[in-house]
1. In the stretch 29-48, which residues are part of a loop (DSSP other than H, G, I, E, B) and either of a type in the set (Lys, Arg) or loosely packed, with under 14 Cβ neighbours inside 10 Å (or both)?
2. Could you please give the count of residues in the stretch 78-109 that are under 22 Å from THR44 (Cα atoms), open to solvent by 90 Å² or more (accessible area, probe 1.4 Å) and aliphatic (A, V, I, L, M)?
3. When you check LEU16 against the structure, is it open to solvent by 70 Å² or more (accessible area, probe 1.4 Å) and either touching a residue at least 24 places away in the same chain (Cβ under 8 Å) or over 30 Å from the mean Cα position of the chain (by Cα) (or both), yes or no?
4. From the set of residues in the stretch 132-161 that are hydroxyl-bearing (Ser, Thr, Tyr) and in contact (Cβ under 8 Å) with a residue 12 or more places away in the chain, which is farthest from MET58 (Cα to Cα)?
5. Any residue in the stretch 92-120 that is more than 22 Å from PHE61 (Cα to Cα) and free of Cβ contacts under 8 Å to residues at least 60 places away in the same chain sitting within a Cβ distance under 7 Å of a residue that is assigned to a strand (DSSP E or B) and polar (S, T, N, Q)? List the pairs, counting only those 6 or more apart or interchain.
6. Can VAL112 be described as among the hydrophobic types (A, V, I, L, M, F, W, C), closer than 28 Å to PHE31 by Cα and open to solvent by less than 30 Å² (accessible area, probe 1.4 Å)?
7. Taking the options LEU57, LEU26, name whichever one is open to solvent by less than 60 Å² (accessible area, probe 1.4 Å) and at pLDDT 95 or above.
8. Here's a check for you: in the stretch 62-77, which residue that is open to solvent by less than 10 Å² (accessible area, probe 1.4 Å) and not in a loop (DSSP other than H, G, I, E, B) is farthest from VAL116 (Cα to Cα)?
Amino acid sequence: MKKIVYKSKAIQGVILIVGLCLLLSLWPFRFFHEIVTTSVPVQTATMSSVIDDEKLLMQCFVAQYDHMDTIRVYLGEDSVGESFYLRLLDEEWQMVCEEKTVIDYEMLPGYVDVLVDIHMEVGTMYYCILQGIDSEIFVALENVNPEENPYGGILYYDNSEVAGMNMAADYNYIVPLRKEKVLLAGGIIAVLTAVLVFVSGKLFEKKDKLVTAEQVFKAVMNP
């Protein structure tokens, strides 16, 4: 800690260390994440039949990534009541998620966010079930081409298949930053680090000071 160095070299060393830590946080540690969404968008806003305590809607889908964050369901303006259940079952029909969601009438007609926050097995079929809680809700359904939506499955209403239709919804997954974004962010960090090292060297080119490693450590760690 008593080692003496030039102030410019100390600043450049700190910049390089910070830049390296940021690069490592991108890869291989992958601390930063992004949201990837699979959607069945609302186009015609065709509404389902009433969903209540007894009549359920079930949408089958295949998990694309290993962690789902939220599911956004489009509710119609004729929905009444206070809340509804969204349940997720795995391929063995074991319930992995049950969320009670309050109906916000100020948002209707529109999307309602349901927090899921579960780990999933990629490529596995899951079942999303909607049920009213002393309520009657209506959700948007859309015609779906299986070739355009290979991860969508069969839609059921009151135990009967609804042919050619899927529930209009957004399935939001949390994933580590993908390769393209990692390379872009890494390139920006590398360039900024190089520029800051160069500039700091130029600033102290004519007048540099000697400082101890202890002073540098305190200056960096105090903030």
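1. In the first step, residues of the stretch 29-48 are kept if they are part of a loop (DSSP other than H, G, I, E, B); the result is 29-32, 41-45, 48.
Residues satisfying the conditions are PHE29, ARG30, PHE31, PRO41, GLN43, THR44, ALA45.
2. Qualifying residue count, the stretch 78-109: 1.
3. Values: open to solvent by 70 Å² or more (accessible area, probe 1.4 Å): yes; either touching a residue at least 24 places away in the same chain (Cβ under 8 Å) or over 30 Å from the mean Cα position of the chain (by Cα) (or both): yes.
Answer is yes for this residue.
4. First, the residues of the stretch 132-161 that are hydroxyl-bearing (Ser, Thr, Tyr): 135, 151, 156-157, 160.
When the remaining residues are screened for being in contact (Cβ under 8 Å) with a residue 12 or more places away in the chain, the result is 135, 151, 156-157.
Values: SER135: 17, TYR151: 15, TYR156: 5, TYR157: 6 Å.
The extreme case among them is SER135.
5. VAL102/SER83; ILE103/SER83
6. Values: among the hydrophobic types (A, V, I, L, M, F, W, C): yes; closer than 28 Å to PHE31 by Cα: no; open to solvent by less than 30 Å² (accessible area, probe 1.4 Å): yes.
When the stated conditions are applied, VAL112 does not pass them.
7. Working: LEU26 fails: at pLDDT 95 or above.
Exactly one residue qualifies, and that residue is LEU57.
8. At the first step, the residues of the stretch 62-77 found to be open to solvent by less than 10 Å² (accessible area, probe 1.4 Å) are 63, 68, 71, 73, 75-76.
Okay, now just the ones that are also not in a loop (DSSP other than H, G, I, E, B), so 68, 71, 73, 75.
Numbers: MET68: 7, ILE71: 7, VAL73: 12, LEU75: 18 Å.
Here the answer is LEU75.
The values are calculated or read from the model by the stated rules, or taken from the named source; none is laboratory data. Worth saying up front: this structure is predicted, and the values here are computed from it rather than measured. Positions of Cβ are backbone-derived with ideal geometry, glycine not excepted, and every protein chain shown enters the neighbour counts. We work out accessible area using only protein heavy atoms, side chains counted, and drop any ligands, DNA or RNA first. Shrake-Rupley method; radii C 1.70, N 1.55, O 1.52, S 1.80 Å.
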